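Below is one structure; the comments refer to it alone.
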Amino acid sequence: MKTLNKIPTGKIERTSSLLKAGAKVGVNYLKYYGNKITKDEEEARKILHEDNAADIYDSLKELKGSALKVAQMLSMEKNILPVEYVEKFSLSQFSVPPLSGALVKKTFRKYFGKNPEDIFDEFSAESVNAASIGQVHTAKKDGKKLAVKIQYPGVRESISSDLKMVKPIAMKMFNIKQEGSESYFQEVEDKLFEETDYNLELKRSQHFAEECSHLPNVKFPHYYPEYSSEKIITMDWMSGIHFSEFTKKQNSQDDLNKIGQTLWDFYMYQMHILKKVHADPHPGNFLISENNELLVIDFGCIKEIPEDFYIPYFELAKEENLKNPEIFREKLFTLEILRAEDSEKEKEFFAKLFYELLELFTRPFNQEKFDFSDESFFQEIADLGQKYAKVSDMKGMNTNRGSRHFIYLNRTFFGLYNMMHDLKAKDVAINHFKNFIISK
């Protein structure tokens, strides 16, 4: 893969790159209308989606940063986008053009006053992994193999302007109204700023590694503050294969169940005990060791869960509360899903919609054990998404619903459920994490 000697950082440069992609999309639609004459509708539309996904992704991967991060987030939304987009955008998890060696050295000189080869005993000139915000190089120091994550230049500075470019697309895609949407976009912007602060990530990584070190079968790297900075993080190299590679192999059901239970316990412990959660559960952030241990290698995106949101959120996960109309409606108001100014039609419509959503998504929490290999459960999720995407009643309604805290917590559950389904994990004990609570 070619390396990049420069990343567009100016607003005009980045906007023009997306405009070029837009022009290509226009040409693709012309081809689509031509293909409809010689091919059937399904085949013509498949070609259109493939061409559009490729052109948009090619533009985003050159921009890197928050523009590419949005593609990565969308790749997890398997029930919203056509499969061609999901497949192409999922490459943003660990397959994008890396920075050139010259840019890497420039970053080291800026923060350490030295080239990387003057700091480490060995340093790989080529990256071994390149994603949306940074890339990873291998290094050695005092006999230890290390992973050195380097942030792309200009990523932090372009967050606000990138989101302004992406905002109209997102609003159209998810039927978001301008009025009242500011808190949602602010939440995303704040999280992206946090993800580009490697000093913060280092502290959080050390905190999570310490707090979760006693959980069985999950491992974390050791971090090295002396070789880390605002744009560089150095940690132990963790040997394993990417989560997505593991799920494609022929594994025994016992091994799949073991990893599935480990992943579930890790997330439930964070959610219910730490009240803060690794809010980026995509396969690129996890490895599986040769001993079938879960290796967590990235803590860039953390969502803290305030108590006044946590309590009503998980109270709604209880079946008895869902089925009690009075309690159910009260919690919907607390979580800002229903509002006092809503019309009776809106209250009735969104109460019904969220009942169906919550009854489905909270089903695992109301069972002792859950089978995440159950295709019918995930088909129900897909069908429900398609059903409400086509409902004409939503036109003209304000669909900005729920507290801003929903954005990353829902994203966490979407990602977690998808990973559990990729594993085809069975007999996952839902409250098993309670065995690892440490009294302090």
Using the Cα gyration tensor of the range 274-344, with a ≥ b ≥ c the square roots of its eigenvalues, what is the shape: rounded (a/c below 1.5), prolate (a/b larger than b/c) or oblate (neither)?
prolate
Accessible surface of the range 278-363 [probe 1.4 Å, protein heavy atoms]: carbon and sulfur percent
50
Tell me the label-point distance for the pair ALA125, HIS214, using the 7 Å Cα-to-Cβ offset, in nm and rounded to one decimal.
4.9
Between LYS318 and GLN379, what length comes free when the chain is fully extended (0.36 nm per residue of separation minus the Cα-Cα distance, one decimal in nm)?
19.7 nm
Taking amide H positions as placed in the peptide plane 1.01 Å from N, state which residues far from LYS276 in sequence (5 or more) or on other chains have amide H under 5 Å from it.
ILE305
Restricting to DSSP loop positions (anything but H, G, I, E, B) with no more than 15 other Cβ atoms inside 10 Å of their own Cβ, which GluC sites (Glu not before Pro) remain in the range 268-328?
GLU290
Backbone HN-Hα couplings from phi across the range 356-369 [Karplus 6.51/-1.76/1.60, Hz, Gly and Pro as x]:
4, 4, 6, 4, 6, 5, 8, 3, x, 6, 9, 10, 5, 9
Can you tally the net charge around GLU320? Count Lys and Arg as +1, Asp and Glu as -1, for every other residue whose Cβ sits under 13 Å from the Cβ of GLU320.
-1
Just to compare against my own numbers: the Cα pair-distance distribution for the range 238-387, 5 Å bins, whole % per bin, please.
2, 7, 14, 16, 18, 17, 11, 8, 5, 2, 1, 0
Would you kindly derive the ³J(HN,Hα) couplings of the range 279-293 from the backbone phi angles with the Karplus curve 6.51 cos²θ - 1.76 cosθ + 1.60 (θ = phi - 60°), listing them in order in whole Hz, with x for Gly and Pro?
9, 9, x, 10, x, x, 9, 9, 10, 10, 6, 5, 9, 6, 9
Spacing of the two label points (7 Å from each Cα toward its C-beta) at LYS345 and GLU43, in nm:
4.4
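Restricting to DSSP loop positions (anything but H, G, I, E, B) with no more than 15 other Cβ atoms inside 10 Å of their own Cβ, which trypsin sites (Lys or Arg not before Pro) remain in the range 253-347? If you can, show how the numbers build up before the last one.
Numbers: sites: LYS258, LYS275, LYS276, LYS303, LYS318, LYS323, ARG329, LYS331, ARG339, LYS345, LYS347; in loops: LYS275, LYS318, LYS323, ARG339.
The qualifying sites are LYS275, LYS318, LYS323, ARG339.
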Each residue of the range 255-264 in turn: what ³J(HN,Hα) in whole Hz from Karplus with 6.51, -1.76, 1.60 and θ = phi - 60°, glycine and Pro shown as x?
5, 5, 5, 5, 5, x, 5, 4, 5, 5
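The values are calculated or read from the model by the stated rules, or taken from the named source; none is laboratory data. Here the structure is a predicted model, which means the values were calculated and not measured. Counting neighbours? That spans all protein chains shown, and the Cβs are built from the backbone with ideal geometry, glycine included. Each accessible area value is taken on the protein alone, full model and side chains, heavy atoms only, with ligands, DNA and RNA left out. Shrake-Rupley method; radii C 1.70, N 1.55, O 1.52, S 1.80 Å.
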